[in-house]
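Notes for the one structure printed next.
The values are calculated or read from the model by the stated rules, or taken from the named source; none is laboratory data. Nothing here was measured: the structure is a model prediction, and the numbers come from that model. Don't worry about glycine lacking a Cβ; one is built from the backbone with ideal geometry, like all the others, and counts go over all protein chains shown. Accessible surface areas use protein heavy atoms only, side chains included; no ligands, DNA or RNA. Shrake-Rupley method; radii C 1.70, N 1.55, O 1.52, S 1.80 Å.
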Amino acid sequence: MSLKNLGRQGFGRLGWWGLLAPAMGLYALVFFMPLGVLVGESVHPSGAPQLSLANYAAFFNDGVTFSIFARTVRLAFFVTLTCLVFGYPLALFMRRAGPVLRLVALTIVVSPLLTSVIVRNVAWLLVLGREGMVNTLLRQAGLIDAPLPLLYNTFGVVVGVTHVYLAFLVLPVFSSLLAIDPSVEQAASSLGASRFTVFRKVTVPLSLPGVIAGSTLVFVLTMGVYLTPVIMGGSFVTTLPMVMTDLVRTQFDWSRAAAFAIVLLAFIAIVMVASSRAERRIERMRGEL
């Protein structure tokens, strides 16, 4: 029997599940097992032997944690909106630019991902600080008398996070724009539609899958960001990951931190499921049209 026939028989016995088994086993080892440990830890407050949902109740009822969670969601929304405002026009420019300009723009977008997070945030401190570049230029121009509060607030955190997460929105939107057939836009123009009408009624709807994917990615990543709010926001901007880190490092309350992590993970899962359904609905509507 040849090796080729032997391989076919082996594949017939194993099927696709046999090929997926090693990857699924590794995934279970590095994800599902730690997640199970986390869930088990969250229902054992302070190492108590009996199961309890006290940690989850504390998340919603202690008067502090849920407000911090809401602030984290608001921060993620602001970052996503900022990335969308700056990222969509940039992706549109990259679609229409030539190869050289497209490469330059792509390099600028991706370059923050290649820089250390510490170096990147320290650079922003030098730019946005009270004696930083922005305030110095504004005072020299006579536009302000006192330094603007650009750091240690929500604005500073949004700037720092947007700087690095902008690439996660630009790239999906750019890919979605490239997939649009130019003849569709040309057909709309030939029927008398203005450039703005073509953009509003053709380009934007056809690029919505990329917009949804990129926005979801930015939102989810921002929900878990830790170091940038610590550096750019100081003690004035508190997020849920910062609370969980404090519970582990200073209070040694592993069970409460685990419960908060499970709540955050559940919320992110809901966002991703909603995003996936929205993308499928848009694709279905496009297919019907």
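Structure data summary
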{"item": "Enumeration of residues in the range 131-155 that are open to solvent by 70 Å² or more (accessible area, probe 1.4 Å) and either in contact (Cβ under 8 Å) with a residue 40 or more places away in the chain or closer than 28 Å to Thr80 by Cα (or both)", "result": "Met133, Pro149, Tyr152, Phe155"}
{"item": "Qualifying residue in the range 46-57 (condition: farther than 21 Å from Val248 by Cβ and either touching an Asp or Glu at 6+ places or on another chain (Cβ under 6 Å) or open to solvent by less than 80 Å² (accessible area, probe 1.4 Å) (or both))", "result": "no"}
{"item": "Residue that is under 22 Å from Ala76 (Cβ atoms), buried (at least 17 other Cβ atoms within 10 Å of the Cβ) and under 26 Å from the mean Cα position of the chain (by Cα), where the choices are Val117, Val158", "result": "Val158"}
{"item": "First in the range 161-184 and in contact (Cβ under 8 Å) with a residue 60 or more places away in the chain, second anywhere and among the aromatic types (Phe, Trp, Tyr) and open to solvent by 40 Å² or more (accessible area, probe 1.4 Å), Cβ under 8 Å, 6 or more apart", "result": "Thr162/Phe86; Leu166/Phe86"}
{"item": "Residues of the range 259-282 classified as open to solvent by 70 Å² or more (accessible area, probe 1.4 Å) and either farther than 25 Å from Asn55 by Cα or touching a strand residue (DSSP E or B) at 6+ places or on another chain (Cβ under 7 Å) (or both), total", "result": "4"}
{"item": "Residue within the range 5-26 that is at pLDDT below 75, of a type in the set (A, V, I, L, M, F, W, C) and surrounded by 12 or more Cβ atoms within 10 Å (Cβ to Cβ) present", "result": "yes"}
{"item": "Residue ID - least open to solvent (accessible area, probe 1.4 Å), chosen from residues in the range 209-258 that are under 30 Å from Leu177 (Cα atoms) and polar (S, T, N, Q)", "result": "Thr222"}
{"item": "Selection count, the range 202-237, where residues are in contact with a helix residue (DSSP H, G or I) (Cβ under 7 Å, 6 or more places away or on another chain) and without any contact (Cβ under 8 Å) to a residue 24 or more places away in the chain", "result": "3"}
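Residue by residue, here is whether (1) free of Cβ contacts under 8 Å to residues at least 24 places away in the same chain; (2) of a type in the set (Val, Ile, Thr); (3) in contact with an Asp or Glu (Cβ under 7 Å, 6 or more places away or on another chain); (4) surrounded by fewer than 15 Cβ atoms within 10 Å (Cβ to Cβ) holds:
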site: Val79; (1), (2), (3), (4): no, yes, no, no
site: Cys83; (1), (2), (3), (4): no, no, no, no
site: Leu103; (1), (2), (3), (4): yes, no, no, yes
site: Gly129; (1), (2), (3), (4): yes, no, no, no
